[in-house]
1. If DNA, RNA and ligands are ignored and the probe is 1.4 Å, what is the ranking of Ser30, Ser40, Ser56 by accessible area, most exposed first?
2. Which ³J(HN,Hα) values, rounded to whole Hz and listed in residue order, are derived for the range 30-44 from phi using the Karplus coefficients 6.51, -1.76 and 1.60 in 6.51 cos²θ - 1.76 cosθ + 1.60 with θ = phi - 60°, glycine and proline given as x?
3. Long-range amide H contacts for Cys13: which residues qualify at under 5 Å (H placed 1.01 Å from N, peptide plane, sequence gap of 5 or more or a different chain)?
4. Going from most exposed to least, what order do Arg28, Arg52, Arg41 have by accessible area with a 1.4 Å probe?
Amino acid sequence: MRSSFCGGGGNNCVEIAVTDEDGDVAIRNSARPQTVIRTSRPAFAALITQLRAATSG
């Protein structure tokens, strides 16, 4: 999945995927695809909750 802010292509996107192995979430910047951050689904959900709270106020 790519960010809705990705635009017309190029290497300016945040990409998120659920891994096949253990169901963790993998996050990377398309400009640097070799660097992948992996986290658990609950930790990722908590991050999204915090981001939404920070931007809705």
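The values are calculated or read from the model by the stated rules, or taken from the named source; none is laboratory data. Note that the structure is a prediction, hence the values are computed from the model and not measured. These area figures cover heavy atoms from the full protein model, side chains too; ligands, DNA and RNA do not enter into them. Shrake-Rupley method; radii C 1.70, N 1.55, O 1.52, S 1.80 Å.
1. Per-residue accessible area, sorted high to low, gives Ser56, Ser40, Ser30.
2. 4, 6, 9, x, 6, 9, 10, 9, 10, 8, 6, 5, x, 5, 5
3. Amide H neighbours of Cys13, under 5 Å, 5+ apart: Ser30, Ala31.
4. Most to least solvent-accessible, the answer reads Arg52, Arg41, Arg28.
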